[in-house]
Amino acid sequence: MARLNLILLIAVLLSALAVVSSNHRARKLVTEFEREQERMRALEVEWGQLQLEQSTWAAHARVEQIARDKLGMHPPRTNQIISLQP
């Protein structure tokens, strides 16, 4: 009888240790998941900011202004335009 009690005690202790280990792992995974979700939100914000910045840099008025100021470009005069027909 004592031997059976000892075996059952060992089984209960192993089961308890497995439960504690499982709970610890689950909590660790939940924490990691929440951290990754926060990182995802931060990356989404950064992506939105980059899209806004790209649209600002590529605005037609800005490109035209740079072409005029820095590159000395200007629209062609009417006598410089040549139309080709197929």
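Throughout, read-outs are computed from the coordinates displayed, never taken from laboratory work. Every value quoted in this text rests on a predicted model; they were computed, and no experiment measured them. Please note: Cβ atoms are built from the backbone with ideal geometry, for glycine as well, and neighbour counts cover all protein chains shown.
Structure above, values below:
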read-out	value
GNM flexibility winner over the chain from L29, L52, L13 (Cα, springs under 10 Å)	L13
Cα-based helix-to-principal-axis angle, 60-69 vs the chain, degrees rounded to 10	50
Answer label, with percent of Cα pairs over 22 Å apart calculated from the coordinates and candidates (i) 50; (ii) 70; (iii) 46	(ii)
Computed [θ] at 222 nm, helices only, for the chain once each DSSP H run of length n ≥ 4 contributes -39500 (n - 2.57)	-28000 deg cm²/dmol
Net charge, L29 excluded, C-beta distance under 12 Å - Lys, Arg +1, Asp, Glu -1	+1
